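> Sharing a structure, written as structure tokens. Questions coming.
The values are calculated or read from the model by the stated rules, or taken from the named source; none is laboratory data. The model shown is predicted, which means the values in this text are computed figures rather than measured ones. Every residue, glycine among them, receives a Cβ derived from its backbone with ideal geometry; neighbour counts consider all protein chains shown.
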Amino acid sequence: MSEQKSARILIAEDEANLRLVLQKELERLGYRVQVAPDGEAALRKLEESNVDVLLCDINMPRIDGMEVLRRVHERPNPPEVIMLTGQATVETAVEAMKLGAYDYLTKPYHITELDIRVKQAAEKRRLRVDNLRLREQLARQSGLPEIVSVSEAMKEAVRLVERVAPSDASVLITGESGTGKELIAHAIHRLSNRADGSFIDINCAAFQESLLESELFGYEAGAFSGAKGRKLGLIELADGGTLFLDEVTELPAQLQAKLLRAIETRTFFRVGGVRKVEVNVRIVAATNRNLDSVVADGSFRSDLLYRINGFQIDLVPLRERSEDIEPLARYLLNYVGGTTKPELDPQALEALRTYSWPGNVRQLKNCLERAVILSNNGRITVNELPPEVARPTPFIPMAQATSQPGAAPDYSATAANASPASLRDVERQQILAALEQTGWHRGKTAEILGISSSTLYRRLRDYNLDRRTH
Ligand SMILES: Nc1ncnc2c1ncn2[C@@H]1O[C@H](COP(=O)(O)OP(=O)(O)OP(=O)(O)O)[C@@H](O)[C@H]1O
Ligand SMILES: [Mg+2]
């Protein structure tokens, strides 16, 4: 709110005295003022910060005012620009207006005159931004992700989302794989004051360390061989919005330190950069790992945890909120079934309700997608469910007594109806074996298997392989 009162001004003027006078006068009038001595510096400042009104001299070294004006309008959401010049000619004025300048002032001008123009320009920009926000809000209303929440645990999670979303607090979402962490992160962004900004997500487990650093923080031209031009990092793209750090506990130690500094100082350096870049991002992070153990084993910094953990939302496994299974199944069927949504027969529904869903909602969704494809006559019966879901719980008290609470029952005893291992099963076993061998180190596992980290990541997700459930 207070931002609206004091508009942010950038003065691009090469004449040092005039620049200083303008700065002092405008600051006295309550504006927040930055200055640049030439066109190049002005463009740099615009890149680093959010400016409402640019006061731009025409004759400047390096890049002149008209070129600055041209480049400013190539950017999304540009500031309003008022051109200042000594030798006004009608042609330059017309050209500036054509290029999208808000106004044009000829030196010498009185400060009260400048004040009026700046106020009007700032107001115009505010209206433009508001308008954009409203339009996006309208477009969004239909697109708000629906979160099925019948169980008390899930209702509580949704209540927390609603409470924390409008603040700028960092949020850490914890829960097993497939419980809906990403869905919740989206909802936080959509319900926040940053909803008009971008929601940028990055999976911290999906890249090698050096790649992750340049993805996250960007790089300058020449930072390493192959870095031809400057690349903006995801943290910069999330400026004014939300940065979702998925699998945050997988961040390598050096990047944890860099991220912590960026959060604390709200500035960071691009790789190979010497200039600090300001950012204003809200951090939402997620992990399916046990926080106590990653801090205890030293793989995750406790000070970073403390920073991103301003607020924690824990998503309970689906097996511990079985009331959600039926409404979720109906909702997901609507979603995956399209117009010819098949019906679930009572036996199939019962099988869904009693299964333990180690892969949580994602597994339920995959299971229904498959069932929709296999279904005949618009009905889903147990025959269309995967064997592990469809098989009725055998009454073998011994097996139940030895299985862990909440874990999938062990059906190995019922070998009579076991089917031969599918290719998928074999691949899954291979991956699991490699994971065990490396103590779940993803980089080493990918190396052993001869696949890239991102392929490994996708496989872990497809097969619902999660350290906590294995
Ligand atoms: N309560 C819910 N209501 C509707 N859909 C849900 C719900 N929970 C999860 N889903 C859906 O289930 C799928 C998996 O959820 P999501 O990707 O958010 O899980 P995740 O916790 O991020 O998993 P992972 O740890 O594997 O990344 C998504 O398609 C999501 O939309
Ligand atoms: Mg996820």
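One line per residue, one yes/no per condition, for (1) in a helix (DSSP H, G or I); (2) closer than 22 Å to SER299 by Cβ; (3) at pLDDT 80 or above:
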| position | (1), (2), (3) |
| --- | --- |
| ALA413 | no, no, no |
| ALA434 | yes, yes, yes |
| TRP440 | no, yes, yes |
| ILE448 | yes, yes, no |
| ARG458 | yes, no, yes |
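> For the stretch 163-185, what are the residues that are within 8 Å of ligand 1 (Cβ to nearest atom), part of a helix (DSSP H, G or I) and in contact (Cβ under 8 Å) with a residue 40 or more places away in the chain?
LYS181, GLU182, ILE184, ALA185
> Here is a check on your reading of the model: is VAL274 under 30 Å from SER210 (Cα atoms), more than 16 Å from ligand 2 (Cβ to nearest atom) and among the β-branched types (Val, Ile, Thr)?
yes
Let's see how each residue does on (1) among the small types (Gly, Ala, Ser); (2) over 20 Å from ASN309 (Cα atoms); (3) within 16 Å of ligand 1 (Cβ to nearest atom):
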{"residue": "ARG159", "(1), (2), (3)": "no, no, yes"}
{"residue": "SER192", "(1), (2), (3)": "yes, no, no"}
{"residue": "SER225", "(1), (2), (3)": "yes, yes, no"}
{"residue": "LEU243", "(1), (2), (3)": "no, no, yes"}
{"residue": "GLU247", "(1), (2), (3)": "no, no, yes"}
{"residue": "GLU250", "(1), (2), (3)": "no, no, yes"}
{"residue": "LEU259", "(1), (2), (3)": "no, no, no"}
{"residue": "ILE263", "(1), (2), (3)": "no, no, no"}
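> Exactly one condition in (1) in contact with a helix residue (DSSP H, G or I) (Cβ under 8 Å, 6 or more places away or on another chain); (2) within 16 Å of ligand 2 (Cβ to nearest atom); (3) more than 20 Å from ARG321 (Cα to Cα) is not met by THR179; state its number.
Going through (1) in contact with a helix residue (DSSP H, G or I) (Cβ under 8 Å, 6 or more places away or on another chain); (2) within 16 Å of ligand 2 (Cβ to nearest atom); (3) more than 20 Å from ARG321 (Cα to Cα) one by one, THR179 breaks only (3).
> Applying the selection to the stretch 58-108, what residues are charged (D, E, K, R) and surrounded by 12 or more Cβ atoms within 10 Å (Cβ to Cβ)?
ARG62, ASP64, GLU67, ARG70, ARG71, GLU80, GLU95, ASP103, LYS107
> Taking the condition surrounded by fewer than 16 Cβ atoms within 10 Å (Cβ to Cβ) and within 16 Å of ligand 2 (Cβ to nearest atom), does ASP292 pass?
The answer is no for ASP292.
> Can you name the residue in the stretch 229-257 that is assigned to a helix (DSSP H, G or I) and either in contact with a strand residue (DSSP E or B) (Cβ under 7 Å, 6 or more places away or on another chain) or small (Gly, Ala, Ser) (or both) and, of all such residues, is nearest to VAL295 (Cα to Cα)?
If we take residues in the stretch 229-257 being assigned to a helix (DSSP H, G or I) and either in contact with a strand residue (DSSP E or B) (Cβ under 7 Å, 6 or more places away or on another chain) or small (Gly, Ala, Ser) (or both), then THR249 is nearest to VAL295 (Cα to Cα).
> A further question follows. If you take the residues in the stretch 356-377 that are among the polar types (S, T, N, Q) and assigned to a helix (DSSP H, G or I), which one is nearest to ligand 1 (Cβ to nearest atom)?
ASN360
> Here is a further query. Select from the stretch 276-299 the residues that are in a helix (DSSP H, G or I) and among the β-branched types (Val, Ile, Thr) and write down the one among them that is nearest to ligand 1 (Cβ to nearest atom).
The residue in question is VAL294.
> Evaluate the stretch 203-216: report whether one residue or more is within 16 Å of the chain's Cα centre (by Cα), at pLDDT below 90 and assigned to a strand (DSSP E or B).
no
> Give GLY226, GLY273 a once-over and let me know the one that is at positive phi, in a loop (DSSP other than H, G, I, E, B) and not β-branched (Val, Ile, Thr).
Sole residue among the options that is at positive phi, in a loop (DSSP other than H, G, I, E, B) and not β-branched (Val, Ile, Thr): GLY226.
> Would you be able to tell me the number of residues in the stretch 194-212 that are touching a residue at least 40 places away in the same chain (Cβ under 8 Å), away from ligand 1 (no atom under 16 Å from the Cβ) and of a type in the set (A, V, I, L, M, F, W, C)?
Residues meeting the conditions: 2.
> Continuing with this model, one more query. Quick check on the stretch 314-353: of everything there that is in contact with a strand residue (DSSP E or B) (Cβ under 6 Å, 6 or more places away or on another chain) and either within 21 Å of ASN464 (Cβ to Cβ) or among the aromatic types (Phe, Trp, Tyr) (or both), which residue is farthest from ligand 2 (Cβ to nearest atom)?
ALA348
> Going through the stretch 164-199 one residue at a time, which ones are among the acidic types (Asp, Glu) and under 12 Å from the mean Cα position of the chain (by Cα)?
GLU182
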